[in-house]
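The values are calculated or read from the model by the stated rules, or taken from the named source; none is laboratory data. Fair warning: this is a prediction, and the values are worked out from it, not measured in the lab. Glycine gets a Cβ as well: all are built from the backbone with ideal geometry, and neighbour counts include every protein chain shown. Side chains are part of the model used for accessible areas, which takes the heavy atoms of the whole protein and leaves out ligands, DNA and RNA. Shrake-Rupley method; radii C 1.70, N 1.55, O 1.52, S 1.80 Å.
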Amino acid sequence: MLIDLICGARPNFIKIAPIVKELKKNRINKFRIIHTGQHYNTNMSKFFFDELQIPKPNFNLNVKSGTHSKQTSKIMNRYEEIILKKKPDLCIVVGDVNSTMACAIVAKKNNIKLAHVEAGLRSGDLTMPEEINRIVTDSLSDIFFTTSIDANKNLIKEGKKEKNIYFVGNTMIDTLINFKNKFKKPHIYKRYNLSKNSYFILTLHRPSNVDNKKNLMILINEISNSCKNSKIIFPVHPRLHEVFKNQSLINDNIILTKPLSYLNFLYLINNAKGVITDSGGLTEETTYLKIPCITLRSTTERPETISLGTNVLAGNNIIKINQYINKITLNTWKKSSIPKKWDGKTSNRIVKIINSLKKNDQ
Ligand code: UD1
C-alpha cells in the first residue's frame, strides 16, 4: 500500500511529524511526503522539518502565495501530475488549510481512498476560509480521525457512517509531548530580560483581524494598554509584513519578532503569563500546557478548549479583552483540564487503524 501524506502550511508540519515517526516505527515505508509549498519561507517551513525531524519531502509543489483560488488550483494541478504518474492507495490530509482541501479533491477525483486527520471540526462561520476547507474535505473523506467527541457528533449529524469515524486524539499534542523536553530558550529571552510568567504572547494572522490596517492598529494599541506593565512578544506572521513595513509600533511594551521556530515558540508559550491569539492550534497547545489563552475570534471549531481547557473567546471586543487580561494578571484564571486522548498516543492509534484497514483490503 502506497500512502501520500500531504502538508503545506506550518500547522500541517506539526501534525504530520508524529504520524511519519509512527509509520516508520511500524515499518510502513511506502509513503510519500507531499509538501505543497503553501508556506515556503525558511522560518515557516524548513525550520519545522529540521526541528521536528521530518524527512525531506518526496515532492515539493512550490505553489507559494496567491489568492485562494489561484493557490488551490495550482496545488490541484501539480498534485494531479504526481498522482497520474503513480497513484497512491491512500491519501492522508491533515487540518484545514488550502493544501488540505485541494489535495483532498484531487485524491477523490482519482478514486483514491482519503483519510482526514482532524476531521469534524466546525465553527459554523463560513467567512473563514478554513471552515470551507473543513466542510469540503470531510464531504469527500472515507476515513475520519477526530480530536474530540464533539467532532464525531458533527460528522454523524452530516450523515457520515459511525464505523468510519475514529476518535483518536490530537497529533499536534503528540508533537508537543514528543518535544517538550527539547523546548529551546530563544535569544530574545535574555535580550529582553524575560522570565517565567512575566510576559504575554500575541499572535495574529486571520484576515478578519489583520487585513484592515486601521482596526488592527486599534486592537494592538488596546492590548498593549491593557497589558501595561508586561512585555508582549509578538512574532509577526508574513501576512502582516506589508502592514509593518511602513509603520512602526509606538507601544514600547510590544516586542516584534520574526516567526519563531517550533522549539523556540513553544518555550515562550510554556513560560508565558498568557497568550492572546487568533490561531486555532494555539488554543490546543495552551490548553495542554495550562496557559491562559484569550482568543480574538467570536467562534471556535474547538469547543473543548473552552469547556475543559484554558481558552476563552473575546472576539475583538476591547472591554472583554481588557477584563480577561486583568484576570490573567490577577491570577484568577479558570481551572482547566486536558481533553481525553490528548495523551501523545494519537499517531499510534492512527497507524494501527491504517494497518487494520490495509489487512481488511487484502
Ligand atoms: C494559512 C492557513 C491558516 C493557518 C495558517 C498558519 C489557509 C486558508 N490558511 O494562513 O489556516 O492557520 O496558514 O500560519 O490555508 N507568506 C510568506 N511566506 C510563507 C508563507 C506565507 O511570505 O512562507 C505570506 C504570503 O505572501 C501570503 C500570506 O503570507 O500573502 C498568507 O499566506 P497563506 O498561506 O495564504 O495563508 P496564511 O495566512 O499563512
Name the residues in the range 141-170 that are under 21 Å from residue 90 (Cα atoms) and out of contact with any strand residue (DSSP E or B) (no Cβ under 6 Å at 6 or more places or on another chain), would you? 147, 160, 161, 162, 163, 169, 170
Looking at 291, 254 in this structure, which one is more than 16 Å from the ligand (Cβ to nearest atom) and in contact with a Gly (Cβ under 7 Å, 6 or more places away or on another chain)? 291
Select from the range 134-156 the residues that are away from the ligand (no atom under 16 Å from the Cβ) and outside any helix (DSSP H, G or I) and write down the one among them that is nearest to residue 271 (Cα to Cα). 148
The one condition in (1) surrounded by 22 or more Cβ atoms within 10 Å (Cβ to Cβ); (2) without any contact (Cβ under 8 Å) to a residue 12 or more places away in the chain that residue 63 fails to fulfil: (2)
Taking helices (runs of 4 or more DSSP H) that fall entirely within the range 213-313, which contain at least 2 residues that are touching a Pro at 6+ places or on another chain (Cβ under 7 Å) and open to solvent by 20 Å² or more (accessible area, probe 1.4 Å)? 262-270
Does the range 187-198 include one or more residues that are of a type in the set (A, V, I, L, M, F, W, C) and within 16 Å of the ligand (Cβ to nearest atom)? no
Any residue at all in the range 117-133 that is more than 19 Å from residue 7 (Cβ to Cβ), away from the ligand (no atom under 16 Å from the Cβ) and either basic (Lys, Arg) or surrounded by fewer than 24 Cβ atoms within 10 Å (Cβ to Cβ) (or both)? yes
Could you check the range 183-217 and list, in sequence order, the residues that are closer than 21 Å to residue 250 by Cβ, under 21 Å from the mean Cα position of the chain (by Cα) and at pLDDT below 95? 209, 210
Give the residue, chosen from 24, 74, 70, 46, that is more than 15 Å from the ligand (Cβ to nearest atom) and modelled with pLDDT of 95 or more. 24
Selection within the range 66-75 - more than 16 Å from residue 93 (Cα to Cα) and either in contact with a Lys or Arg (Cβ under 7 Å, 6 or more places away or on another chain) or open to solvent by less than 70 Å² (accessible area, probe 1.4 Å) (or both): 66, 71, 73
Whether any residue in the range 105-112 is more than 27 Å from residue 315 (Cα to Cα), open to solvent by less than 10 Å² (accessible area, probe 1.4 Å), in a helix (DSSP H, G or I) and at pLDDT 95 or above is what I want to check. yes
Picking from 200, 167, 183, the residue that is closer than 28 Å to residue 239 by Cα and open to solvent by 10 Å² or more (accessible area, probe 1.4 Å) would be 183
Please verify whether the range 157-169 includes one or more residues that are within 16 Å of the ligand (Cβ to nearest atom), modelled with pLDDT of 95 or more and farther than 26 Å from residue 52 by Cα. no
Mind checking which residues of the range 79-104 are assigned to a helix (DSSP H, G or I) and surrounded by fewer than 21 Cβ atoms within 10 Å (Cβ to Cβ)? 80, 81, 82, 83, 84, 85
Qualifying residue in the range 56-63 (condition: within 10 Å of the ligand (Cβ to nearest atom) and either in contact with a Gly (Cβ under 6 Å, 6 or more places away or on another chain) or more than 21 Å from residue 348 (Cα to Cα) (or both)): yes
Note down all Cβ pairs under 6 Å where the first residue falls in the range 1-27 and is in contact (Cβ under 8 Å) with a residue 40 or more places away in the chain, the second is open to solvent by 10 Å² or more (accessible area, probe 1.4 Å) and of a type in the set (Lys, Arg), and they're at least six residues apart or on different chains. 1/358; 2/30; 4/32
